[in-house]
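The values are calculated or read from the model by the stated rules, or taken from the named source; none is laboratory data. A quick note: this is a predicted structure, and the numbers were derived from the prediction, not measured. Reconstructed Cβ throughout: ideal geometry from the backbone, glycine too, with neighbour counts over all protein chains shown.
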Amino acid sequence: MVENTIHATQAVVTLDIALPGIIWGWMITLNMWAKSIGTGVVMVGAYLLYKYKKEEVSSLRWIMPLISFIALNVFLLFTLVDLHQPYRMVNIFLHPHWTSAITVGAWMASLFTLLMTILMVIGAADAFPGLGGKKCKITALARNNSGLYEKLFPFVVFLAIPVTMYTAIIMAESSARELWQAPTEMIQMLLAALMAGSAALILSSGSWDKEVRKDLSLVLMVAVFASFLMYMGEYFFSFKSSEAEATLAYVHAGGEFNVEFWFGMVLGFIVPFFLAASTIKSDNTTLLRFAAILTLVGLYLAKDVWLKIPQMLPLS
């Protein structure tokens, strides 16, 4: 609501009023979910490349950056779409304010995506010698500089961690949203990346050795268990904070958020834990892939509830 206009400067003075309803909706949920996949495959992929020989997971060198590239561009696309004036995004790069978590995160995410693009081209050129033909300068340059992959990869792994966690800082900076505590959300973002990354790689692990899938099962099992414990801790022991308790009342009291939250917990955390545990011994590829799909679906539902319910609490 406009209170008055100062004609000399054309400045408009407005009154601060509460914004009713949910402002951060499914776009931000998809944003965080895609970012978890894009960064998680790098974290889990780094572990596999460190532990196994290049020949045992040779396809990982191009599958990992390809998955990450697609997921990161979905993340950046919906970040841009959600902005009310997307062209203002240019000012983050032309006139950066380094005290802003959004600015720092945008620069890190953009650099991370650029590096993943380079790794994707190099990995694809190595895996598919005929790609692009003999006259393609890009693939020829990538093949001639295949050693660049190993040099860039440590920087990519290093960047993956802050890129996946900086959203937690932005959420924690939101006023009167006590459920989004920075330390807790940062750990949840990291665990979400491990969940999504291991799940995405499981779906791409058909030609890999049994031991590789066993390690992916173990990462998935530990990540869903730790994340589930954190959600349960916040769900049942939020009474020390009156605002967090009032926020979670939207889940405790039943209704659509209650159904979505527990459906996400069962689908994405409890069931995948037992399926992953069983496949460590049996190496049942079908069950493991089913667990990976359930994890990705359940993670989205859990993130969706955790994003929306703090916005339901009136601030006045």
Checking the conditions here, which among LEU72, LEU49, LEU76, LEU80 is touching a residue at least 24 places away in the same chain (Cβ under 8 Å), more than 16 Å from SER36 (Cβ to Cβ) and not charged (D, E, K, R)? LEU49
Qualifying position, being at pLDDT 80 or above and either closer than 30 Å to ALA277 by Cα or among the aromatic types (Phe, Trp, Tyr) (or both), among LEU152, LEU190, LEU148, LEU159: LEU190
Output the residue which, of all residues in the stretch 20-69 that are modelled with pLDDT under 85 and basic (Lys, Arg), is nearest to PHE153 (Cα to Cα). LYS54
Of everything in the stretch 273-316 that's hydrophobic (A, V, I, L, M, F, W, C) and modelled with pLDDT under 85, which residue is surrounded by the fewest Cβ atoms within 10 Å (Cβ to Cβ)? LEU315
Taking the stretch 247-269 and keeping only residues that are out of contact with any helix residue (DSSP H, G or I) (no Cβ under 6 Å at 6 or more places or on another chain) and buried (at least 17 other Cβ atoms within 10 Å of the Cβ), one is left with LEU248, MET265
